[in-house]
Protein chains: 2
Amino acid sequence: MDKKLIGIDLGGTTAKFAILTADGEIQQRWSIPTNINDQGSHIVPDIIASIKHRLNLYNMTSDEFIGIGMGTPGTVDRELGTVIGAYNLNWRELQQVKAPIEEALNIPFTLDNDANVAALGEQWRGAGENSADVSFITLGTGVGGGIITNGSLVHGVTGAGGEIGHMVVEPKDGFQCTCGRKGCLETVASATGVVRLARTMSEEYAGDSKLKFMIDDGQEVSSKDVFDLAVANDHFALSVVDKVCYYLGLACGHLGNILNPSDIVIGGGVSAAGEFLLERVQAYFNEFSYPQVTESTQIKLAQLGNEAGVIGAASLALIFK
Amino acid sequence: MDKKLIGIDLGGTTAKFAILTADGEIQQRWSIPTNINDQGSHIVPDIIASIKHRLNLYNMTSDEFIGIGMGTPGTVDRELGTVIGAYNLNWRELQQVKAPIEEALNIPFTLDNDANVAALGEQWRGAGENSADVSFITLGTGVGGGIITNGSLVHGVTGAGGEIGHMVVEPKDGFQCTCGRKGCLETVASATGVVRLARTMSEEYAGDSKLKFMIDDGQEVSSKDVFDLAVANDHFALSVVDKVCYYLGLACGHLGNILNPSDIVIGGGVSAAGEFLLERVQAYFNEFSYPQVTESTQIKLAQLGNEAGVIGAASLALIFK
């Protein structure tokens, strides 16, 4: 019988699990709530218990698995199998992950950070179509990313490879970023960034606009509101979306000219705007990429949604094959 | 006896050759003029004859070599071992390179483009200190580059990986680039780009400046003049150099945030300005890179000069080891 993979996508609210074939077909999926109490000390035991329970349920044994891969927030030491600084898990101090899981389950275990793992998922089984060179941008609460070149993740010298959200796209008078710099992509293309941009631009907009009215009226405005109103042809909302897409197109141009990937895949909540977003990013990408890159590097929407994490995590375990 | 490598750095004026140990120590060096007459049809035969002659001279035989690597201008098909569109060699049409060389010399042969090969040289034996993640920018007539991640060159899907010179660093009102886009790094940081920037900025400069006088006087001005005058504290020249370094620091910031390489190595003629250039690029890099990247990615000057080509070319042949 062909051996299987286990993928774990660990987040601050839930941990998602899947059992997959070595080709990345999901066979079983489940999830458990993440218990972050007591410095997150329950998380690893809960993961172990959940896998043990499921293997019993499915009547499977450790030797039927190639390995387990996991994506996690925080700073990962891939060699030691530890995590530190994962604040939404309450893992402030160094947390052993690989050692206790391997000891309890007797299955080889490996891990990487969640943005990298989502990138691997999209590259392997999603929009990247298993190409060797794929860049991934995720537009959520923050802007993250992952870079795959020659079939492998780029971690760089200290694991900060793929910090796409901190590319400076507004070098003059950019917004202050949480990282300490100014003008990072995250300050204008994350969910909060889109709203921040709308608020700032609204001060100078004079025409009629529902979006401007909502802002001036002190109503709660989300990035989805901005995109929905743009689709509904609110001129001010359209100008905000155009600016967001200018920044994204510029960042994609840099990625393209440096790496010439087959695909730049855009995922995350803000990308729910779909083709409406994509065609505008594409137009700016065409302007900001070297002609050979414009022709050969495709800008695409992510395809796997929430499943990118477990699929990409599982693919990490292919090193044990 | 340990087997050797041959590295060839083919240019429009000369072809440089070296015999190296498998560790990259140069043991013999020579060069021949490049004969670009008759559609460059003499180039490959001349390379073959020169290597045969030298092997005789040194009393060496084919089986003493691991392989031959070559860097060349133009678009390379690495699989087929062909080159096309190398205009300074007069290779406009598809040129067979690997097949005739391997047949005549009976030594495995491989090739890549000259910017990639120079990057490999600096990564292996130069400023990159054999690190797995190195980015290389060369500031010459144009601005080229090469990207090494996880120990391998990044070619991308059509070989346009490393087109660092075409990163758009001036998205608004940038200079027209030969590539068809506007605001590319090459338009402001190549030898001609630096002078173009000086000419444009001189129109708005009102103070006293030898550089401005030379430009207004219609004198020939080189990028070296701009840097020399800046070193001599010409305030206008300093403002031009500052702008060039701003663009370079921004581009290095993008490279750093995407790849977090251990080193970004700057070479080529314009980098002869040395530490004077480097410290100004570093200051802008600090502003435009994610803090973890600022701390871990070093900006360095290239160390191998003209020898980067033959050394990097030779390293290509290590695949035959």
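Things worth noting here:
- The conditions of being in contact with an Asp or Glu (Cβ under 7 Å, 6 or more places away or on another chain), surrounded by 20 or more Cβ atoms within 10 Å (Cβ to Cβ) and touching a residue at least 40 places away in the same chain (Cβ under 8 Å) are met by residue B:76.
- Residue pairs whose Cβ atoms lie under 7 Å apart, separated by 6 or more positions or on different chains, with the first residue in segment A:236-264 and within 7 Å of chain B (Cβ to nearest Cβ) and the second small (Gly, Ala, Ser) and assigned to a helix (DSSP H, G or I), are A:260/A:296.
- Hey, residue B:129 at positive phi, of a type in the set (Asp, Glu) and touching a residue at least 60 places away in the same chain (Cβ under 8 Å) or not: yes
- Residue B:191 meets each of the listed conditions (1) over 24 Å from residue A:293 (Cα atoms); (2) among the hydrophobic types (A, V, I, L, M, F, W, C); (3) without any contact (Cβ under 8 Å) to a residue 60 or more places away in the chain apart from (3).
- Near pairs, Cβ below 7 angstrom, 6+ apart or cross-chain, from segment B:194-210 (under 20 Å from residue B:224 (Cα atoms)) to any residue that is of a type in the set (S, T, N, Q) and not in a helix (DSSP H, G or I): B:195/B:222
- Within segment B:168-191, being in a loop (DSSP other than H, G, I, E, B) and either among the small types (Gly, Ala, Ser) or within 8 Å of chain A (Cβ to nearest Cβ) (or both) holds for B:171, B:174, B:179, B:180, B:181, B:183, B:190.
- Scanning segment B:265-296 for residues that are touching an Asp or Glu at 6+ places or on another chain (Cβ under 7 Å) and at the interface with chain A (Cβ under 7 Å from one of its Cβ atoms) gives B:290, B:293.
- When B:117, B:97 are checked against the criterion of being away from every other protein chain (no Cβ under 14 Å), within 10 Å of the chain's Cα centre (by Cα) and at pLDDT 95 or above, B:117 stands alone in meeting it.
- Count of segment B:107-127 residues, restricted to those that are in contact with a helix residue (DSSP H, G or I) (Cβ under 8 Å, 6 or more places away or on another chain), in a strand (DSSP E or B) and either closer than 17 Å to residue A:260 by Cα or among the aromatic types (Phe, Trp, Tyr) (or both), is 2.
- Residue check, residue B:320 in contact with a strand residue (DSSP E or B) (Cβ under 6 Å, 6 or more places away or on another chain), away from every other protein chain (no Cβ under 14 Å) and touching a residue at least 40 places away in the same chain (Cβ under 8 Å): yes
- Every residue from segment A:128-143 that is touching a strand residue (DSSP E or B) at 6+ places or on another chain (Cβ under 6 Å) and either hydrophobic (A, V, I, L, M, F, W, C) or part of a helix (DSSP H, G or I) (or both): A:134, A:136, A:137
- Test result for residue A:54, surrounded by fewer than 19 Cβ atoms within 10 Å (Cβ to Cβ) and within 22 Å of the chain's Cα centre (by Cα): no
- For residue A:241, the requirement of being touching a Lys or Arg at 6+ places or on another chain (Cβ under 9 Å), among the hydrophobic types (A, V, I, L, M, F, W, C) and outside the structural domain of residue A:73 (by the TED database) is met.
- Criterion applied to A:156, A:146, A:165 was being within 11 Å of chain B (Cβ to nearest Cβ), out of contact with any His (no Cβ under 8 Å at 6 or more places or on another chain), in a strand (DSSP E or B) and modelled with pLDDT of 95 or more, and the one residue passing it is A:146.
- Taken over segment A:295-321, the residue count meeting the criterion of being under 28 Å from residue B:187 (Cα atoms) and surrounded by fewer than 22 Cβ atoms within 10 Å (Cβ to Cβ) is 3.
- Residues that are buried (at least 23 other Cβ atoms within 10 Å of the Cβ), under 17 Å from the mean Cα position of the chain (by Cα) and among the small types (Gly, Ala, Ser), drawn from segment B:185-202: B:189, B:190, B:193
- Subset tally (residues that are more than 16 Å from residue B:123 (Cβ to Cβ), buried (at least 23 other Cβ atoms within 10 Å of the Cβ) and modelled with pLDDT of 95 or more) for segment B:257-276: 2
- Inspection of segment A:264-285 finds a residue satisfying the criterion of being of a type outside the set (Ser, Thr, Tyr), under 19 Å from residue B:169 (Cβ atoms), in contact with a helix residue (DSSP H, G or I) (Cβ under 7 Å, 6 or more places away or on another chain) and outside any strand (DSSP E or B).
- Subset of segment A:77-89 (residues that are under 18 Å from residue A:15 (Cα atoms) and either part of a helix (DSSP H, G or I) or modelled with pLDDT of 95 or more (or both)): A:81, A:82, A:83, A:87, A:88, A:89
- Each residue in segment B:94-111 was checked for being free of Cβ contacts under 8 Å to residues at least 24 places away in the same chain and surrounded by fewer than 21 Cβ atoms within 10 Å (Cβ to Cβ), and 4 of them qualify.
- Filtered residues of segment A:7-22 (kept if in a strand (DSSP E or B) and hydrophobic (A, V, I, L, M, F, W, C)): A:8, A:10, A:15, A:17, A:18, A:19, A:20
The values are calculated or read from the model by the stated rules, or taken from the named source; none is laboratory data. Computed from a predicted structure; not experimentally measured. Every residue, glycine as well, gets a Cβ built from its backbone with ideal geometry; the counts of neighbours run over all protein chains shown.
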